[in-house]
Amino acid sequence: MTTATATDKPAPAFRFNKIGTGSLQLDLGLLLFAIVVIALLAQWVVLDESALDGNLRTRLKPMGYISPDGVRHIFGTDQLGRDLLFRVLGGLPWSLGISGVAVVCVAVIGTFIGLIGAWYTGVVRTIVLLGIAAMIAMPFLVLALVVVAVVGRGFWPLSLTMGFIAWTAVSRVIYAESRGLLTREYVLAARLFGVSKWSILIFHVLPGLRPTILVMAAFFFAVLLIIESALSFLGLGAPLNAPSWGNMLSDSRQYLTIAPWMMFAPAGAIVLAVISLNLIGDGFAELSRKRARAVEV
Amino acid sequence: MTDIADNNKPASQPIETEKNDAETIPVAKQTAQTLTKRILELLFLLMFISTLLFFLLRLTGDPAAVLAGETGDQEQLELIRKQYGLDKPLIVQYGVFLYKLVQLDFGSSLANAQDALGLVFERLPTSFTLVIIAFTANLIISIPLGAWLGSRPDRTGRKLAATAVFVAQGIPGYITGLLLIQLFSVELGWLPSIGNQGILSWIMPATTLAAFQAPQVVRVISANVAEAMREDYIRTARANGAGFNTLLWRHALKNAMLGATALIGAQVSFLVGGSIITEVIFAWPGLGRLLVTSVQTLDFPVVQAAVFMIAIFVYFAITLTDIVFLFIDPRLRRQRA
């Protein structure tokens, strides 16, 4: 009964995704729904495609402002007269893209190093564990800040830097779980049959790790999105003119006293995305717990 | 069904506890072990960071050009190369670099020629105070809230509160900070929004920083409390006639808090990261802001000194919590099979 299934790890008993969700499909739906609604609203609201260019005559206009040309700016305009709703949508590929690439790196590197640590014993494992324990304590933002300052701004430098720094927490979890999986009979059987190390790790251990990787990827997506926005907010993230959400927040900070509405669109987008991703993570966790329970009974 | 699941938790089996008590390791020995482990990790980390910084600076091309800034002409470049020993082979440079680091000699700031480490130490107390205040505020709010949520998670009021906590968890600290400034400084004019100008100016930065992590702590505490409330020893206490409040605050919460050890360690690192953004938002004269400005101006000696001090501070805090909990929680002293 108490065999270490992939999902037996101490997950919080108190889950909070019962606000009309409770299952993965619904959580996913929530995210998609939010994105689609925003996109549709944009189609409906913005009549003129050149609204993204901005118009200095309509700079810093409040929410719901209708320009003389009859364009309605539902979230207002920024300091260059650009429509904020359009800009947030334009920032979608930047903010979600950067953190998306980073989360793929995190999952791949974290899994790889976790598996290495679990398979080998002796010096290799000691070094892996020492490295993880040391790196995990270092505030992630500090390292990212320093590295990005040197390698420069932009989509790829930013996403790869984050990806190459943030994997430690993932690899610690993967390490612990793979050690459990490696003691299973089917792994022993495969070893006795002379299956090679990488075959065992990839075809026998990795599938068992899938639920964990999915849950961690969802939560890390949210964390990396926050970090990306934070770096952009500090002026060390996406290129200055890119409509990344952090950049927009950073702009809005300069006009806080005269144009407070400028922060609502990017802040709303970040919060919505993070909450959706947390919900998805909780949904995955819940599903895999249910499945594990079903197997046990 | 839930009962079966609960009995499977290996940590709470009473029979094992008795057996394991015999194998308890002396606290002193375990403290020494923890210290050694942490110091090793810290050394590893410092080594890693310094190597990373060293090679990053050289990977980007001519470090002399970076150090001289955009205004440097050829003569200045030569001077800087001599001064920093950049004309020597790479491996010699690395050796010299490490030798200086061991002596905590980071060089002087490129911006104003002050001693880099001195600059960092000048800023450290303000940041430290901010982090401590936020940490304390966070615990004062999160622990009772978490216990309250976890004690009866099925009630409607708690469910609503838990939803609010879940949403709050999705709000990054910089957004909280901007909203607070907007509300209390711009609209109401109650609190100063920038700098360290007396006790009032501490409120918003500390709140922002606490808000970074409070929802997470609340969720973990409430999860632990909810779990603890289903344990056998709670049932025993209830059968002995203990009231609900005694059960919750004396028995369940104590256990739940101890279970959150790992979290507190991780929170320190998280807090330090959060304090950087908080300090920038509120123009707070602390270490985080120093780090950001020196990163922006590529003032490498100061960056190095700041990163080193942050690493040492975090490790100090983690080790301290480790050892404190070793004394408080007898379960941690048990020999692992």
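The values are calculated or read from the model by the stated rules, or taken from the named source; none is laboratory data. Since the model is a prediction, treat every value here as computed from it, not as a measurement. Virtual Cβ from ideal backbone geometry, glycine too; neighbours counted across all protein chains shown.
Points to keep in mind about this one:
- If you go through segment A:144-178 and keep only what is away from chain B (no Cβ under 13 Å), surrounded by fewer than 21 Cβ atoms within 10 Å (Cβ to Cβ) and assigned to a helix (DSSP H, G or I), you end up with A:155, A:156, A:160.
- Within segment A:199-217, the presence of a residue that is within 14 Å of another protein chain (Cβ to nearest Cβ) and on the phi < 0 side of the Ramachandran plot is excluded.
- If the condition is being facing chain A (nearest Cβ under 10 Å) and of a type in the set (Phe, Trp, Tyr), then segment B:314-327 contributes only B:315.
- Residue identified as in a helix (DSSP H, G or I), modelled with pLDDT of 85 or more and closer than 30 Å to residue B:238 by Cα among B:133, B:175, B:140: B:140
- Test result for residue B:290, in a helix (DSSP H, G or I), surrounded by 21 or more Cβ atoms within 10 Å (Cβ to Cβ), over 11 Å from the mean Cα position of the chain (by Cα) and away from chain A (no Cβ under 11 Å): yes
- Pairs linking a residue in segment A:219-246 that is more than 11 Å from chain B (Cβ to nearest Cβ) and more than 15 Å from residue A:265 (Cα to Cα) to a residue that is part of a loop (DSSP other than H, G, I, E, B) and of a type outside the set (Lys, Arg), with Cβ atoms under 8 Å and 6 or more positions apart or on different chains, are A:220/A:166; A:224/A:166; A:237/A:244; A:238/A:154; A:238/A:244; A:239/A:154.
- Among the residues of segment B:221-252, the ones that are charged (D, E, K, R) and farther than 17 Å from residue B:150 by Cβ come to 1 in all.
- For segment A:84-134, taking the residues that are in contact with a Leu (Cβ under 6 Å, 6 or more places away or on another chain) and of a type in the set (Val, Ile, Thr), the one that is modelled with the lowest pLDDT is identified as A:98.
- Unique match (being modelled with pLDDT of 80 or more, at the interface with another protein chain (Cβ under 10 Å from one of its Cβ atoms), surrounded by fewer than 22 Cβ atoms within 10 Å (Cβ to Cβ) and over 12 Å from residue A:95 (Cβ atoms)) among A:293, A:253: A:253
- Test: residue in segment B:155-166 that is under 21 Å from the mean Cα position of the chain (by Cα), farther than 22 Å from residue A:266 by Cβ and in a helix (DSSP H, G or I): yes
- Hits in segment A:235-250 - residues which are aliphatic (A, V, I, L, M) and surrounded by 24 or more Cβ atoms within 10 Å (Cβ to Cβ): A:238, A:248, A:249
- Every condition in (1) buried (at least 22 other Cβ atoms within 10 Å of the Cβ); (2) farther than 23 Å from residue A:166 by Cβ holds for residue A:232 except the one numbered (2).
- Residues in segment B:168-181 that are facing chain A (nearest Cβ under 7 Å) and closer than 17 Å to residue B:141 by Cα: B:169 only.
- Conditions (1) surrounded by fewer than 14 Cβ atoms within 10 Å (Cβ to Cβ); (2) among the β-branched types (Val, Ile, Thr); (3) part of a helix (DSSP H, G or I); (4) modelled with pLDDT under 80; number of the one not met by residue B:71: (3)
- Near pairs, Cβ below 9 angstrom, 6+ apart or cross-chain, from segment B:316-337 (over 10 Å from residue B:31 (Cα atoms)) to any residue that is modelled with pLDDT of 75 or more and outside any helix (DSSP H, G or I): none
- Residue tally, condition under 20 Å from residue B:277 (Cα atoms) and facing another protein chain (nearest Cβ under 8 Å), over segment A:258-286: 6
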